[in-house]
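Enquirer: One structure is given below, represented as structure tokens, and several questions about it will come after.
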Amino acid sequence: MARKKRELGVGAGQAESGFTLIEVMFSMVVMTVGLVSLLSVLCLAMASTQTSEEHDIAKRLANEAVESILTVRETTQYSWSDIANTGSGGIFLSGPQPIDCPGADGIVGTADDAACGPLVLDMPGPSGVVTTPSGSPCAAPDNCVPLTNYTRTIAITPYTVNGVAVSTLDNILVTITYIDPQWKVPQTYVLQTLVSQYR
């Protein structure tokens, strides 16, 4: 019987196996490092989500400016020479401008925008649906985001080939500048395109 007990490993003098205190402490350190790393990745992902939203707004504001220039080209109330900065005899303001809603002419980046006031982005509220009626100012429960953090610069220059200006083609450079709310550093989004006189 004693022989059977020894074969099963239950006999006297047999050492019991288990975890030592050092092994437990080491595994706790490894688990803590892993959890801290996971937490930092989660924080970085949240910051990237906020940054991507700001970048998306900047992209939309730049596209809006290019669409306004195309609108001027398509309407009969303006001529091709009006698609220029004010210093060159056009209607688009030079230098960084605040993001105001389009004025009476419906074109962003012109002198009458200041009378309209700052543009407020109407985002869905807790319900996930925009409840403010179209054409009305943003109101609760929607998320009203003022775009005072952004400036837009529209630079219009004649397109040149080998130093010679092409009279029917303009180079459009729209620069949106904003302060990243997460890192508090200036960011820019640049959109460059060409606009032809011909439709």
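Enquirer: How far is helix 21-74 tilted, in degrees, relative to the longest principal axis of the Cα atoms in the chain, given as a value from 0 to 90 rounded to the nearest 10?
Expert: Compared with the principal axis, the helix lies near 10 degrees.
Enquirer: In a shell of Cβ-Cβ distance under 13 Å around residue 134, excluding residue 134 itself, what net charge do Lys and Arg (+1) and Asp and Glu (-1) give?
Expert: Taking every other residue near residue 134 into account, the sum is -2.
Enquirer: Also: The stretch 107-122 to the stretch 15-77: how many Å between their Cα centroids?
Expert: So the two Cα centres are separated by 32 Å.
Enquirer: On full extension of the chain, what length is gained from residue 169 through residue 52, given 0.36 nm per residue of separation minus the C-alpha to C-alpha distance?
Expert: Roughly 38.8 nm would be gained on extension.
Enquirer: Just need the relative contact order of the chain here, percent rounded to a whole number, with Cα pairs under 8 Å and 6+ apart.
Expert: 17 percent
Only the coordinates and a few stated rules stand behind these numbers; no lab work does. Here the structure is a predicted model, which means the values were calculated and not measured. Cβ coordinates were reconstructed from backbone atoms using ideal geometry, including for glycine residues, and neighbour counts include every protein chain displayed.
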